[in-house]
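A short worksheet on the structure shown next.
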Amino acid sequence: MAADYLPIACATHERLEFAVLRRRPLQLTWLGEDALSTFHEQVLPLDVETRAGAEWLTFKRPGGEIEVVRLDRIRSVIES
């Protein structure tokens, strides 16, 4: 696992996986790569995967951009 990655709670991981399977929009709050910027948007989750020693969520932003965030940077997940 990546040295600085902190695994998230299993229940949160499962909620993300179910949202991907059901194609349910999420109100997501997450930290940017600089760990200082905070983002809050309704997104469409596309995939949850493990790679490079960490877990990642791929999602589509409202403008259609595809983004990937490390799960331990997610601060809040609410089903829309």
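The values are calculated or read from the model by the stated rules, or taken from the named source; none is laboratory data. From a predicted model like this one, the values you see are computed outputs, not experimental measurements. Neighbour counts are summed over all protein chains in view; Cβ atoms, including those assigned to glycine, are modelled from backbone coordinates with ideal geometry.
Does region 58-71 contain at least one residue that is at pLDDT 95 or above, in contact with a Pro (Cβ under 6 Å, 6 or more places away or on another chain) and not in a helix (DSSP H, G or I)? Yes: region 58-71 contains one or more residues that are at pLDDT 95 or above, in contact with a Pro (Cβ under 6 Å, 6 or more places away or on another chain) and not in a helix (DSSP H, G or I).
Out of (1) farther than 18 Å from S80 by Cβ; (2) of a type in the set (A, V, I, L, M); (3) assigned to a strand (DSSP E or B), what's the single condition that is false for L36? It is condition (3) that L36 fails. In region 47-75, what residues are surrounded by fewer than 13 Cβ atoms within 10 Å (Cβ to Cβ) and of a type in the set (S, T, N, Q)? Scanning region 47-75 gives a single hit, T50. Taken as a whole, region 14-31 holds at least one residue that is on the phi > 0 side of the Ramachandran plot and surrounded by fewer than 10 Cβ atoms within 10 Å (Cβ to Cβ).
Within region 22-50, the set of residues being closer than 17 Å to C10 by Cα and among the charged types (D, E, K, R) comprises D47, E49.
Here region 2-32 is the region considered, the condition is being in contact with a Ser or Thr (Cβ under 9 Å, 6 or more places away or on another chain) and in a loop (DSSP other than H, G, I, E, B), and the residue that is nearest to W56 (Cα to Cα) is G32. Residues in region 48-66 that are touching a Phe, Trp or Tyr at 6+ places or on another chain (Cβ under 8 Å) and in contact (Cβ under 8 Å) with a residue 12 or more places away in the chain: V48, G53, A54, E55, I66. Being under 11 Å from the mean Cα position of the chain (by Cα), over 15 Å from R75 (Cα atoms) and either acidic (D, E) or not in a strand (DSSP E or B) (or both) is the filter here, so list the residues in region 39-57 that pass it. Listed by number, the residues that qualify are D47, E49.
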